[in-house]
1. Consider segment 1-11. How many of its residues are of a type in the set (Ser, Thr, Tyr) and at pLDDT below 80?
2. Against the definition (among the small types (Gly, Ala, Ser), at pLDDT below 90 and touching a helix residue (DSSP H, G or I) at 6+ places or on another chain (Cβ under 9 Å)), how does Ser61 come out, yes or no?
3. Residues that are outside the structural domain of Phe87 (by TED's automatic domain parsing) and farther than 30 Å from Arg91 by Cβ: does segment 25-47 have at least one?
4. Yes or no: segment 69-78 includes at least one residue that is of a type outside the set (Lys, Arg), out of contact with any His (no Cβ under 9 Å at 6 or more places or on another chain) and assigned to a loop (DSSP other than H, G, I, E, B).
5. For Ile52, state whether it is surrounded by 14 or more Cβ atoms within 10 Å (Cβ to Cβ), touching a residue at least 40 places away in the same chain (Cβ under 8 Å) and farther than 30 Å from Pro122 by Cα.
6. Considering every residue within segment 132-143, establish whether at least one is at pLDDT below 70, at positive phi and not acidic (Asp, Glu).
7. Scan (1) of a type in the set (A, V, I, L, M, F, W, C); (2) part of a helix (DSSP H, G or I); (3) in contact with a helix residue (DSSP H, G or I) (Cβ under 8 Å, 6 or more places away or on another chain) for the single condition Ala36 breaks and write down its number.
8. Being in contact with a strand residue (DSSP E or B) (Cβ under 9 Å, 6 or more places away or on another chain), at pLDDT below 90, of a type outside the set (Asp, Glu) and surrounded by 10 or more Cβ atoms within 10 Å (Cβ to Cβ) narrows it down to one residue among Leu24, Leu14; which is it?
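The values are calculated or read from the model by the stated rules, or taken from the named source; none is laboratory data. Keep in mind the model is a prediction, meaning the values are calculated, not measured. Every residue, glycine among them, receives a Cβ derived from its backbone with ideal geometry; neighbour counts consider all protein chains shown.
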Amino acid sequence: MYCPACGTPMADGLSYCNRCGMNLKERTEPRTGAIAAFLTAITLIGVIGLGIMLGGALTLSEEAHLGEDVVGLFMLMTFAMTALIEFLLGRQLSKITGSSERKTRNLRQPPAMQNELGPAQPRTLPEPIPSVTENTTRTLEYSRNEPLK
């Protein structure tokens, strides 16, 4: 198993990565709720935008008796705004789906690397670092035992 954040190999059953500290107990499945919400928003904005464009053009030409050039400009601006919003929502959706694909790709190790690394090496714990206060404590202990002058 590999850490999805830093890619460090690790033993199964760990709660946190030894290298970067990422919580490994979080859910790893993609958020389908966000994807469904973006797809719904893209569809609704497209349909509503086209409805406003066509309905507004009809209303402007029939009720307001405006010329074709003004109605055409209205349709062009409405279509441009709808297309821009659709593009931005699609871009955001691709970022969400791309990030979930990257996470699942990082969890699996490529087969070529499995042969290159060989068997896992047992890890040994490093020697403990001596305490900073060890000398101070000894020095005070010595001065306590000295006779008073």
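1. To start, the set of residues in segment 1-11 that are of a type in the set (Ser, Thr, Tyr) comprises 2, 8.
If we keep only those that are at pLDDT below 80 as well, we get 2.
Going through segment 1-11 one residue at a time, the tally reaches 1.
2. Details: among the small types (Gly, Ala, Ser): yes; at pLDDT below 90: no; touching a helix residue (DSSP H, G or I) at 6+ places or on another chain (Cβ under 9 Å): yes.
It is false that Ser61 is among the small types (Gly, Ala, Ser), at pLDDT below 90 and touching a helix residue (DSSP H, G or I) at 6+ places or on another chain (Cβ under 9 Å).
3. Yes, some residue in segment 25-47 is outside the structural domain of Phe87 (by TED's automatic domain parsing) and farther than 30 Å from Arg91 by Cβ.
4. The first filter runs over segment 69-78 and keeps only residues of a type outside the set (Lys, Arg), leaving 69-78.
Next cut, out of contact with any His (no Cβ under 9 Å at 6 or more places or on another chain) only: 69-78.
Narrowing the set further to residues that are assigned to a loop (DSSP other than H, G, I, E, B) leaves none.
No, segment 69-78 contains no residue that is of a type outside the set (Lys, Arg), out of contact with any His (no Cβ under 9 Å at 6 or more places or on another chain) and assigned to a loop (DSSP other than H, G, I, E, B).
5. Working: surrounded by 14 or more Cβ atoms within 10 Å (Cβ to Cβ): yes; touching a residue at least 40 places away in the same chain (Cβ under 8 Å): no; farther than 30 Å from Pro122 by Cα: yes.
Taking the combined requirement at face value, the residue does not satisfy it.
6. We begin by selecting, within segment 132-143, every residue at pLDDT below 70; these are 132-143.
Filter once more, so that each one left must be at positive phi: none.
Checked against the condition, which is being at pLDDT below 70, at positive phi and not acidic (Asp, Glu), segment 132-143 yields no hits at all.
7. For Ala36, the exception is condition (3).
8. Details: Leu14 fails: in contact with a strand residue (DSSP E or B) (Cβ under 9 Å, 6 or more places away or on another chain).
Going through Leu24, Leu14 in turn, just one is in contact with a strand residue (DSSP E or B) (Cβ under 9 Å, 6 or more places away or on another chain), at pLDDT below 90, of a type outside the set (Asp, Glu) and surrounded by 10 or more Cβ atoms within 10 Å (Cβ to Cβ): Leu24.
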